[in-house]
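The values are calculated or read from the model by the stated rules, or taken from the named source; none is laboratory data. Bear in mind that the values here come from a model prediction, so they are computed numbers and not experimental data. Backbone-built Cβ (ideal geometry, glycine too); neighbour counts: all protein chains shown.
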Amino acid sequence: MIKQFSLFFCTLFMLFDAFAQQDIVGKVLTQESSKPISFASIYINNTSIGTSSNEQGSFVIKNLKNKINELVITAVGYETVSLQIQLPLEKDLIITMKPKAIEIEEIVVLGYVKDGWQKWGVFFTESILGLGYHAEKTSIENPEVVQFRYDKNAKLLTAICSAPLKIKNDELGYLLTYDLTDFQMDFKENRLYFEGFAFFEDIGNNKSKFKKARKETYDISLMKFIRSTYQQRWEEDGYIVRKLVKKDNLVRLEALSTYKKLTDIVQKEYRNNWKLFYLSQKEYTEAQVSALQHQMRQPEKISYLMGIISTQDIIISEDVTQQWKEIRFDDFLYLIYPSEFQKSKNKMLKAAASQVSEIELLSGRNLIIDASGNFFPANQVVFNGYMVNYSKLAFLLPLDYQEN
């Protein structure tokens, strides 16, 4: 059985404009001396759209369909720059980059785990790539750039990369450049969080096997579910979504309270001698205390599965011109994957038939979704269940992927 973690799945925010095609023109310079930086990588985050600067630091990205884009600029020896760009631009961009703070890196390195990749490499790889299927044909080509820190008291694992990860996906035909900006595994809360900037290079050479694999991956993807929500096509796409309510387990809470009172009494009046406590009173037997301990191990929450809901129940507003919609829901969305997957010859899709995932909005925030399958703010959404594994990098498609 594949173990799933709660995952904050982070992506970018782009507002989709279906009609205009526009360009980004600019120049990349050093911050201190305004000298051109050649061979810098410039791309739209989480897409296959990008270019590099020439010897004069100049670049052009043409024919963009999105009005708002997250532009990422990377160069060896410089700190990554991320800009939100609204098109059309009034003038050419001037982007300045500052050198990486080497002295800070030298201080931080003191806390790195010795032989970190040997100790944590497998866990790290499975955490960001996923497990099974595509993950078995996806590899990190430059593991030497990854270092780890582990806080034993907090039970917190952190990974730091000195350069972007190069991830080769032989199942989908992509070479992914992933600039990991944060990776934390909280073992106390059993919660994984990572984020970064992604650029997809298509190495599939238009082969039919990659087209087929991408289509099958798209069918199970979070991106398709977001697009289906935007297009209000849950029923047509085979999704069943129900409301899930989770309430405090009152039996567990009462058991915790009672056991704490008994523990305080035993410590203060019986010098922590439970046998003497059982002999001295008849209200609580050893069997009853054992039952309390069993109740304390029950789940913190009790889940109540409610009725089927529709996209109309969660979409609260939209901007037709900008083509985004705002959604909000209380409690949880309980997503059931299409049962039609059972008929697929693809093992991954067949296994996903009628599987479930839970989606939760944190802090009472609303969510913006767009036609490309994007959502914002991404760090306010938590996914649990089957969707988690298939939202990781081995199963990721660029936001400019088109089904047909």
Margin query: Can you tell me which of (1) within 30 Å of residue 370 (Cα to Cα); (2) among the hydroxyl-bearing types (Ser, Thr, Tyr); (3) in the same structural domain as residue 259 (by TED's automatic domain parsing) is the one residue 290 doesn't meet?
Written below: (1)
Margin query: Looking at the structure I just gave you, is residue 199 in contact with a Cys (Cβ under 8 Å, 6 or more places away or on another chain) and either modelled with pLDDT of 95 or more or among the aromatic types (Phe, Trp, Tyr) (or both)?
Written below: no
Checklist line | Residues (surrounded by 21 or more Cβ atoms within 10 Å (Cβ to Cβ) and out of contact with any Lys or Arg (no Cβ under 9 Å at 6 or more places or on another chain)) located in the stretch 181-193 | finding: 192
Notebook entry, point to check: Of 218, 193, which residue is under 21 Å from residue 390 (Cβ atoms), under 18 Å from the mean Cα position of the chain (by Cα) and modelled with pLDDT under 95?
Noted result: 193
Notebook entry, point to check: Just checking, how many residues over the stretch 335-360 are buried (at least 20 other Cβ atoms within 10 Å of the Cβ) and over 23 Å from residue 134 (Cα atoms)?
Noted result: 1
Next item on the list: Please identify the pairs in which a residue from the stretch 248-263 that is at negative phi has its Cβ atom under 9 Å from the Cβ atom of a residue that is outside any strand (DSSP E or B) and of a type in the set (Ser, Thr, Tyr), counting only partners at least 6 apart or on another chain.
Entry: 258/284; 262/284
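May I ask you to say which residue of 350, 392 is without any contact (Cβ under 8 Å) to a residue 12 or more places away in the chain, basic (Lys, Arg) and under 27 Å from residue 126 (Cβ atoms)?
350
So, restricting to strands (runs of 3 or more DSSP E) that lie completely within the stretch 299-404, which ones have at least 1 residues that are of a type in the set (Lys, Arg)?
The strands (runs of 3 or more DSSP E) meeting that bar are 301-308, 324-327.
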Notebook entry, point to check: With respect to residue 27, is the statement that it is within 30 Å of residue 319 (Cα to Cα), at pLDDT 90 or above and part of a strand (DSSP E or B) true?
Noted result: no
Next item on the list: Kindly indicate which of 366, 379, 374 is surrounded by fewer than 16 Cβ atoms within 10 Å (Cβ to Cβ) and either without any contact (Cβ under 8 Å) to a residue 60 or more places away in the chain or under 19 Å from residue 227 (Cβ atoms) (or both).
Entry: 366
Notebook entry, point to check: Could you count how many residues in the stretch 106-148 are crowded, with 17+ Cβ neighbours inside 10 Å and part of a strand (DSSP E or B)?
Noted result: 5
Checklist line | Unique match (being closer than 21 Å to residue 128 by Cα, in contact with a Leu (Cβ under 6 Å, 6 or more places away or on another chain) and of a type outside the set (S, T, N, Q)) among 332, 375, 395 | finding: 375
